[in-house]
1. Give the range 157-189 a look and list any residue that's among the aliphatic types (A, V, I, L, M) and within 16 Å of Ala260 (Cβ to Cβ), or say none.
2. Looking at Gln379 and the list (1) out of contact with any Asp or Glu (no Cβ under 9 Å at 6 or more places or on another chain); (2) within 29 Å of Tyr117 (Cβ to Cβ), which single condition is not satisfied?
3. Would you check if there is a residue in the range 195-211 being in contact (Cβ under 8 Å) with a residue 24 or more places away in the chain, in the same structural domain as Leu449 (by TED's automatic domain parsing) and under 20 Å from Glu376 (Cα atoms)?
4. Return the only residue of Val63, Val59 being in contact with a Pro (Cβ under 8 Å, 6 or more places away or on another chain) and either in the same structural domain as Ile128 (by TED's automatic domain parsing) or at pLDDT 95 or above (or both).
5. Residues to consider are Thr372, Thr340, Thr354; find the one that is assigned to a strand (DSSP E or B), in the same structural domain as His275 (by TED's automatic domain parsing), under 15 Å from Thr460 (Cα atoms) and within 24 Å of the chain's Cα centre (by Cα).
6. Could we say that Pro122 is more than 23 Å from Pro414 (Cα to Cα) and within 27 Å of the chain's Cα centre (by Cα) here?
7. Restricting to the range 62-88, give me the number of residues that are touching a residue at least 40 places away in the same chain (Cβ under 8 Å) and not small (Gly, Ala, Ser).
8. Does the range 390-402 contain any residue that is among the aliphatic types (A, V, I, L, M), surrounded by 15 or more Cβ atoms within 10 Å (Cβ to Cβ), touching a Ser or Thr at 6+ places or on another chain (Cβ under 8 Å) and assigned to a strand (DSSP E or B)?
Amino acid sequence: MAKEIAAVITLFGGSGDLAQRKLYPALFGLYQRGVLKDHFAVIGTARRPWTDEYYRDIVKTAVAGDSIESTAQASAFASHFYYQSHDVTDAAHYITLKELAAQLDEKYAAGGNRLFYMAMAPNFFATIASHLKSEALLTATGFNRLIIEKPFGHDYASAKALNDSITATFDEKQIYRIDHYLGKEMAQSLLALRFGNPLLRTVWNKDYIQNIQITLAEAVGVEERAGYYETSGALRDMVQNHVMQLLAYLTMDEPAALTADAVHTVKARAFDQLHRYTEAEVATNFVRGQYTTATIDGEAIRGYRDEDGVAQDSMTETFVAGKITTTAPNFAGVPIYVRTGKRLTRKSTQLTVTFKPQANSLFGVTAADTLTIYVEPSQGFSLQLNGQKLGQTNVLAPAELAFRHDPAAAKSAPEAYERLINDVLHGDQTNFNHWNELAQTWRFVDVILAAWAKDKTMPTYAAGTMGPQAAKDLLARDGAEWFWQPTRIQMAD
C-alpha cells in the first residue's frame with residue numbers, strides 16, 4: 001500500500017499543453033496508487049478566465065479512460081482541482097493565491113506542505129520565485145518544494161542568473177530541476193545493471209571497453225515547436241540535458257550508497273572530469289546538421305527551413321553528433337560517441353557499450369561483444385556474444401541474449417513524470433539535476449555553441465536518414481562505426 005502524501009500543489013501553467021498531456025495523467029496515476037488520496041489539492045493558474053468547473057472538465061478529459069469506473073474515478077480526482085486566473089507579474093494575485101492555498105490546506109488537512117510547479121515559459125521562473133518570497137507563500141509548518149521544467153537557461157550565464165534568482169527564495173534541497181529522461185524505466189535501471197552484476201562491474205572500465213555510444217533519435221520534425229526550437233536547437237534541447245545525464249550514469253563511479261547525496265557526488269565528479277574542448281577542437285569532435293526535404297513512404301516531408309516559423313536562412317541545428325572523452329581514471333581514453341536529431345530514420349533511445357575484441361589461441365581475434373540498453377520505445381537490453389555457428393563447425397557467429405520488458409507490464413508501470421513527481425512528494429532528489437551538474441554541462445556546451453556561431457556552414461541530411469555523412473566520418477577516423485544503423489524496413493530495436 002502506497003504511503004499517502006498530503007500537499008497543496010500549485011501549478012503555474014495549468015492551462016498548458018504540458019499540464020494536459022503529462023502532468024494531469026501523472027498526478028492521476030499517483031491518485032490511483034494512493035500516493036495522493038484525501039489530503040491533497042491542486043491549484044491551476046494561468047491567464048485564462050476559467051472557472052473551477054471548466055478547469056475540472058479539462059482535467060477529467062486529460063485523464064479519464066473509457067470505462068465507467070475510470071470516469072467516476074477521474075471525477076473524484078478532478079474534484080480536488082481549483083483554478084485561479086493569474087498574472088505572474090502582479091503581486092496582488094499572489095495574495096489571492098496565498099489565501100486560496102491556506103483555505104485548501106485547512107479543508108484537506110495538508111499540514112502546510114506546499115509544492116510549486118513551474119510549467120510555463122522559463123522567462124517567468126525568476127519572477128514567480130521572487131513573488132513567492134515577497135508575498136510569503138512559503139509555509140513554516142510543512143515542506144516547500146519547487147519543480148522547474150527545462151530549459152534551465154540558454155547558456156551558462158543565463159542559467160547562473162536564473163539559479164541565483166531561484167535560490168534567493170528556495171535552497172538547493174528544495175529545488176527539483178526536472179529531466180524526464182531520468183524518470184524513464186531503463187534510465188533508472190542503469191545503476192542496477194552496472195553495479196548489481198559482478199559480470200559487468202568487472203569489465204566496466206577502460207581495460208575492457210572500446211567505446212560507448214548514446215543515441216537519442218526522433219522520427220518527427222519540429223512540428224508546432226518551431227518557435228521554441230529556433231532559439232534552442234538540438235545541442236541545447238537534447239545534449240546539454242538528456243544526453244549528458246545518460247552519459248553520467250554510464251561513466252560515473254559507484255556511489256557510496258543509493259542516496260541522493262551519494263549519487264550526485266559521483267555524478268558531479270563525472271561532469272568535472274569531462275574534457276572540455278577548445279573552440280578549435282570542436283570542429284574535429286562535433287558535427288551538426290539540418291534536415292532537408294525527402295519523400296518517405298510516398299509522403300513529401302518538408303525540410304527544416306520550410307517548416308512554419310523557421311527562417312529561410314536558419315542556422316539552427318536539428319542534428320548533433322559528437323565525440324566526448326573523460327579524464328576519469330576508469331574511462332580515460334575511451335571515446336563516448338553521442339548523437340541526437342529530428343527526422344531521423346526511426347525513434348529510438350539506446351545506449352551501446354562495445355567491448356574490446358580479444359585474441360585467443362583457439363579462435364584468433366574474436367568480434368567485439370556489445371551490450372545495448374534500450375530506453376525507448378522498447379525497454380530492455382541485449383548482450384551480443386560470440387557463439388558457434390550452427391552445425392559441426394568451429395566458425396564463430398554472433399549470438400544475442402535479449403531481454404525486453406513485457407509491453408503490457410511496461411504500459412501499466414508509472415510513466416516518467418509520475419515517477420518524478422512521486423519522488424518530489426517524498427523529498428527524494430536522486431533523479432533530478434543539481435546546480436553544480438547543470439553548471440558543468442553548460443560550460444561544456446557553451447564552447448561548442450561559440451565555435452558554431454563563427455562557422456557559417458551547415459551540413460544537411462535528408463529526412464528519414466541517420467544524419468549527415470560527417471557523423472559517420474567522425475567515428476570512421478577512429479576505425480569505428482555507429483552500432484545502430486537502422487533502415488526503414490528494420491522494425492526491431
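The values are calculated or read from the model by the stated rules, or taken from the named source; none is laboratory data. Note that the structure is a prediction, hence the values are computed from the model and not measured. Cβ: placed from backbone, ideal geometry, glycine included. Neighbour counts: every protein chain shown.
1. Ile175, Ile178, Leu182, Ala187
2. For Gln379, the exception is condition (1).
3. Checked against the condition, which is being in contact (Cβ under 8 Å) with a residue 24 or more places away in the chain, in the same structural domain as Leu449 (by TED's automatic domain parsing) and under 20 Å from Glu376 (Cα atoms), the range 195-211 yields no hits at all.
4. Step by step, each of Val63, Val59 is checked, and only Val63 is in contact with a Pro (Cβ under 8 Å, 6 or more places away or on another chain) and either in the same structural domain as Ile128 (by TED's automatic domain parsing) or at pLDDT 95 or above (or both).
5. Criteria check complete, one pass: Thr340.
6. Yes, satisfied.
7. 10
8. The answer is yes, given that some residue of the range 390-402 is among the aliphatic types (A, V, I, L, M), surrounded by 15 or more Cβ atoms within 10 Å (Cβ to Cβ), touching a Ser or Thr at 6+ places or on another chain (Cβ under 8 Å) and assigned to a strand (DSSP E or B).
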